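S.K.: This structure is in structure tokens; I'll ask about it shortly.
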């Protein structure tokens, strides 16, 4: 039985009871409990089933290292699997459920796997991949998918919000135990900025539980004083519930703060991901106790000795009435003493060491505890709960000397310093054979840009496990002088004795039951099998056996595992080495990684000054880059296609209004601007007269067309270059790249003025009438001919009016200051009512231009198309010595007459060709694929012509006018005739009025 | 004639700090050789401000001049004066190789004020606010978009972004300023 003790519990508040549930059963806990503590207080030792064998599993640890005791927490959208009960703070109404158990936790069908121990050995997955070939897909994969996995996946979107924040510090201290506090205080005393982060809600770490005294005071009192002193320093920031997840190059540190996990329903970000630049990182991350490898060490009720002590002292929880302690070191005796202090029974301490002489064992003996030297556990008796341990000689092969009844086993195999944050950015480790642990090697610490070490471990994390040495080390690492270090007093501990297997000569039958990795069900026998099968590299063995690959990342299991591997390979542990420590230290939430980027602020949405109006009209949107442009403005009862047809027809017959604000507008100015633009564009811009416009094509240095637009010459030394909507930033960067990197001595400046202007296209036979009605400028054919612009005032608003057309109609594009864009738009709508004005969207733009055979970069081009392919030779200067792309366009492949070139396509039956479809050609290519001779690049229903029209790229297309091609779509063949791509008003009479 | 409007129409949000669309602000981009005496003189005449040092912003009354890059300044003047000021600077620098452009409408200006204003922006911008002095303009990003910010008054930061993303930035600022989500030390 585990239960709540009548008194004590330094972290719980008995005046604040909390109700929660586990697998539907109502339970009670107290504020300050972890879920694990509260479950134990309700006698719930069995928490889940293991990953592979579905063995019953209980609570093993009391902190972040816990491999087993995970639950599905919450319900509906807040359901979250794999929540570690040992680090989750209890809250009112918490709903928890066991995982990986079917049909129930107490009776699990999958536990039959238990009998199949021998049939699911190391490398099971790999072996099933290999032979026989069909078996993985048809037999093993379905089987494994059915039984593997841990928690259930939530089916609804996470309703909580998350955020990120940036911070900067001189010294970041990870860990708020006594070492971290000491290091932080020492560092802060030098005036540096110090950021102290602690993963739990509490300061002081293990010291208060271990009964350490510091500066003559109980640890609790010293911790409270020190935290208060640090909090009072203006150069120190303290954050608890904030776990350092990763340390990266250049002092970049990622930490996750659990802001509101313990306050569900509060209007708070649940997690906050901190992105920190630290001058130096001090990892005061403590040490994690190791389990001992004895048979059935995964039976619920077998726990780490330090955890047993934590539950008793911190939460007043008795893990069992009778606890047998099994150890190879003195520290575990503290657990025995704590249990006695709580009025519980310790029938025996089994100490693997042949001779036990330390101060702590003396205290235990003095209180009447049986200390059995040179003894170990042969086997734990019990299924879903410990019933007894069988005692054996550690030096032997497991013959049972006696059986001791108990309901809890507190085991300790020594401690492993938490070197993760030191190792993640490349710090190297030393093997301390006497203490059986890896410690950070300060001589091979991670180095920063200046070549100096930027991560150091402090206290237990650096291997200083005993209190006095721990504080002295932390104080020194923090930069303090030796004599000012805080003094800690604790009983001296005698040396531990590494024990990798218990008993050391255990036969196969016992080794089959000795768990190394409790979460992934990896046993001593599995690692030994891997070694026998030829695995020598620890990294390979890890993957083959899955040792340390679970969500706990082997915090408890890795050292034991590689010790077993080293033994099997007959080499010392340092020769085997460790696996690589990678961030995050413990899992962090995807929500925190995504941060604020969800919902309305998932991504930046660029809005034109008229965006809100479009929205109010119920515009159907089309994303264009980060902009959202109206695709069409459907009226009541209209389909989108009907709306597009209406908008096209109205623009051709009366008047259309388009928000063209998204078009890129780049100002290029300087004495060398003309020369520069002659390089950027295929045509000649330097000769363009002031006041005139010219269509330009931009190619990259490989000759491929990357953008197009109208260039206007504003003055003797300045040009305004229009780009496509999606191309503004890209083309501006392209220009700056060439100016800054190649032609740095040319006198040219550019400025991206895209957003300075709202731009409105006024298109259709009534366009001029509308401008005249708005009033203020002469926009007559004579004053403002095609491909010119003028500046003035329209409707009282400063305007630059371009007489250009992308539709074939009489058309003006009017640029006004963005702050008056909506006002100008409104003026147009009001004045245009009697002229039959309707706004139109991007799809009507596409249809109008396709009817005229105009290309769109991104439709007719795909990064492999040169202007010559598109019949745009007229826009390419033959006289210029050079422009970007010229030489590439002269390469033989580019001048090959077989290239696919632009033509119009009309279906014989008037239908609309599907977009992107291919025209097959006879024969197959080298890969056995059908040859092709062309494809559709743009295709629409033309309301003007009443039939489908299309453009496409066809091999030798312009030379094959009138030929009928077969296009294949969804197995159907559609016949289309090659024709001129200008379907409407070929002579341009409509725009030239 | 219609009155110009700012992107967010003067909206504001009250959280643990105050977030507000600061309305229209005259802004002029000036690119040129910042070492030239002519530029210093023209800027002084237009704004009353001396040229800022790299990363600096110099303020005088309602005008300010910010260093944007080794060859670019941003002149801040009242919105109504921007066009005239740009013209005056252009005229003063006639014959020099410079680019002068009124960019007032291409931008949005926000003010974040209150004792914890820094914390709102620390959630969005990788900036060491504890070491951002008055008189320095920082070009950075706010979450996913470009931004520039500086201390415009005690307990007040000003932030400039592009006009098209004003709604995105306003939403970010308001979200980050939600009461209860302060970045307080434990």
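S.K.: If the requirement is being without any contact (Cβ under 8 Å) to a residue 12 or more places away in the chain and part of a strand (DSSP E or B), which of these qualifies: A:791, A:830, A:782?
M.R.: A:791
S.K.: Would you mind listing the helices (runs of 4 or more DSSP H) fully within region B:76-186 where at least 2 residues are at the interface with chain A (Cβ under 7 Å from one of its Cβ atoms) and buried (at least 22 other Cβ atoms within 10 Å of the Cβ)?
M.R.: B:166-176
S.K.: Could you tell me how many of the residues in region A:662-706 are away from chain B (no Cβ under 14 Å) and touching a strand residue (DSSP E or B) at 6+ places or on another chain (Cβ under 7 Å)?
M.R.: Adding up the residues that qualify gives 21.
S.K.: Right, another one. Do you know which residues across region A:224-246 are away from chain B (no Cβ under 14 Å) and within 17 Å of residue A:592 (Cα to Cα)?
M.R.: A:244, A:245, A:246
S.K.: Of the conditions (1) closer than 23 Å to residue A:756 by Cβ; (2) outside any strand (DSSP E or B); (3) free of Cβ contacts under 8 Å to residues at least 40 places away in the same chain, residue B:64 clears all except one; give me its number.
M.R.: (2)
S.K.: A further question on this structure: Given the options A:921, A:976, A:950, name the one that is more than 41 Å from the chain's Cα centre (by Cα), part of a strand (DSSP E or B) and surrounded by fewer than 19 Cβ atoms within 10 Å (Cβ to Cβ).
M.R.: Answer to the selection: A:921.
S.K.: Let me ask something additional. Which one of A:398, A:413, A:427 is touching a residue at least 24 places away in the same chain (Cβ under 8 Å) and within 31 Å of the chain's Cα centre (by Cα)?
M.R.: Only one candidate passes the filter, namely A:427.
S.K.: Take the residues in region A:358-377 that are surrounded by 20 or more Cβ atoms within 10 Å (Cβ to Cβ) and under 17 Å from residue A:344 (Cβ atoms), then tell me which one is farthest from the chain's Cα centre (by Cα).
M.R.: Here the answer is A:369.
S.K.: Taking residue A:592 as meeting all but one of (1) under 34 Å from the mean Cα position of the chain (by Cα); (2) farther than 27 Å from residue A:69 by Cβ; (3) touching a residue at least 60 places away in the same chain (Cβ under 8 Å), write down the number of the exception.
M.R.: (2)
S.K.: Of all residues being more than 14 Å from every other protein chain (Cβ to nearest Cβ) and farther than 26 Å from residue A:199 by Cα in region A:579-621, which is surrounded by the fewest Cβ atoms within 10 Å (Cβ to Cβ)? Just the residue, please.
M.R.: Step by step, filter region A:579-621, then rank; the result is A:616.
S.K.: Mind listing whichever residues of region A:622-645 are at negative phi, out of contact with any strand residue (DSSP E or B) (no Cβ under 6 Å at 6 or more places or on another chain) and surrounded by fewer than 19 Cβ atoms within 10 Å (Cβ to Cβ)?
M.R.: Matches in region A:622-645: A:623, A:624, A:635, A:636, A:638, A:639, A:641, A:642.
S.K.: Take residue A:859 and decide whether it is modelled with pLDDT of 95 or more, assigned to a loop (DSSP other than H, G, I, E, B) and either surrounded by fewer than 13 Cβ atoms within 10 Å (Cβ to Cβ) or in contact with a helix residue (DSSP H, G or I) (Cβ under 7 Å, 6 or more places away or on another chain) (or both).
M.R.: Answer is no for this residue.
S.K.: Residues in region A:189-218 that are in a loop (DSSP other than H, G, I, E, B) and within 14 Å of another protein chain (Cβ to nearest Cβ): how many?
M.R.: 9
S.K.: Just the residues that are surrounded by fewer than 15 Cβ atoms within 10 Å (Cβ to Cβ) and closer than 28 Å to residue A:360 by Cα, please, taken from region A:184-220.
M.R.: Selection gives A:215, A:216, A:217, A:218.
S.K.: Restricting attention to region A:763-780, which residues are in contact with a helix residue (DSSP H, G or I) (Cβ under 8 Å, 6 or more places away or on another chain) and more than 14 Å from every other protein chain (Cβ to nearest Cβ)?
M.R.: Result: A:763, A:764, A:765, A:766, A:769, A:770, A:773, A:777, A:779, A:780.
S.K.: Here's a follow-up. Picking from A:221, A:186, which residue would you name as being closer than 24 Å to residue A:423 by Cβ and more than 14 Å from chain B (Cβ to nearest Cβ)?
M.R.: Testing whether each residue is closer than 24 Å to residue A:423 by Cβ and more than 14 Å from chain B (Cβ to nearest Cβ) leaves just A:186.
S.K.: Identify all residues within region B:1-44 that are more than 12 Å from chain A (Cβ to nearest Cβ), under 28 Å from residue B:167 (Cβ atoms) and not in a loop (DSSP other than H, G, I, E, B); write none if there are none.
M.R.: If the condition is that a residue be more than 12 Å from chain A (Cβ to nearest Cβ), under 28 Å from residue B:167 (Cβ atoms) and not in a loop (DSSP other than H, G, I, E, B), then B:12, B:13, B:14, B:18, B:19, B:20, B:21 are the ones that fit.
S.K.: Is there a residue being in contact with a helix residue (DSSP H, G or I) (Cβ under 9 Å, 6 or more places away or on another chain) and within 26 Å of residue B:173 (Cα to Cα) anywhere in region A:628-643?
M.R.: Checked region A:628-643: at least one residue is in contact with a helix residue (DSSP H, G or I) (Cβ under 9 Å, 6 or more places away or on another chain) and within 26 Å of residue B:173 (Cα to Cα).
S.K.: Check off (1) within 25 Å of residue A:685 (Cβ to Cβ); (2) buried (at least 18 other Cβ atoms within 10 Å of the Cβ) for residue A:880 and give me the number that stays unchecked.
M.R.: (2)
S.K.: Okay, next question. Restricting to region A:166-183, what's the tally of residues that are in a strand (DSSP E or B) and buried (at least 23 other Cβ atoms within 10 Å of the Cβ)?
M.R.: Count: 7.
S.K.: Which condition does residue A:825 not pass, out of (1) out of contact with any helix residue (DSSP H, G or I) (no Cβ under 9 Å at 6 or more places or on another chain); (2) assigned to a helix (DSSP H, G or I), if it passes all the others?
M.R.: Of everything listed in (1) out of contact with any helix residue (DSSP H, G or I) (no Cβ under 9 Å at 6 or more places or on another chain); (2) assigned to a helix (DSSP H, G or I), residue A:825 misses just condition (1).
S.K.: Which one of these does residue A:461 not meet: (1) closer than 30 Å to residue A:181 by Cβ; (2) at pLDDT below 95; (3) in contact with a strand residue (DSSP E or B) (Cβ under 7 Å, 6 or more places away or on another chain)?
M.R.: Only one criterion is unmet by residue A:461, namely (2).
S.K.: If residue A:469 meets every condition in (1) part of a loop (DSSP other than H, G, I, E, B); (2) touching a helix residue (DSSP H, G or I) at 6+ places or on another chain (Cβ under 9 Å); (3) farther than 13 Å from residue A:286 by Cβ apart from one, which number is that one?
M.R.: Evaluating residue A:469 over (1) part of a loop (DSSP other than H, G, I, E, B); (2) touching a helix residue (DSSP H, G or I) at 6+ places or on another chain (Cβ under 9 Å); (3) farther than 13 Å from residue A:286 by Cβ leaves (1) as the failure.
S.K.: I'd like the full set of residues that are on the phi < 0 side of the Ramachandran plot, surrounded by 12 or more Cβ atoms within 10 Å (Cβ to Cβ) and in contact (Cβ under 8 Å) with a residue 60 or more places away in the chain, limited to region A:7-27.
M.R.: If the condition is that a residue be on the phi < 0 side of the Ramachandran plot, surrounded by 12 or more Cβ atoms within 10 Å (Cβ to Cβ) and in contact (Cβ under 8 Å) with a residue 60 or more places away in the chain, then A:10, A:11, A:12, A:18, A:19, A:20, A:21, A:22 are the ones that fit.
S.K.: Something else: Could you list, in sequence order, all residues of region A:745-762 that are within 11 Å of chain B (Cβ to nearest Cβ), outside any strand (DSSP E or B) and farther than 23 Å from residue A:820 by Cα?
M.R.: Scanning region A:745-762 gives A:746, A:747, A:748.
S.K.: Residue check: is residue A:948 at pLDDT 95 or above and closer than 25 Å to residue A:893 by Cα?
M.R.: No, not satisfied.
S.K.: Could I ask something else about it? Suppose we filter region A:523-578 for residues that are in contact with a strand residue (DSSP E or B) (Cβ under 8 Å, 6 or more places away or on another chain), in a helix (DSSP H, G or I) and surrounded by fewer than 16 Cβ atoms within 10 Å (Cβ to Cβ); how many remain?
M.R.: 1
The values are calculated or read from the model by the stated rules, or taken from the named source; none is laboratory data. Just so it is clear, the structure is predicted and the values come from calculations on it, not from any experiment. A quick note on method: Cβ atoms are made from the backbone with ideal geometry, for glycine too, and the neighbour counts reach across all protein chains shown.
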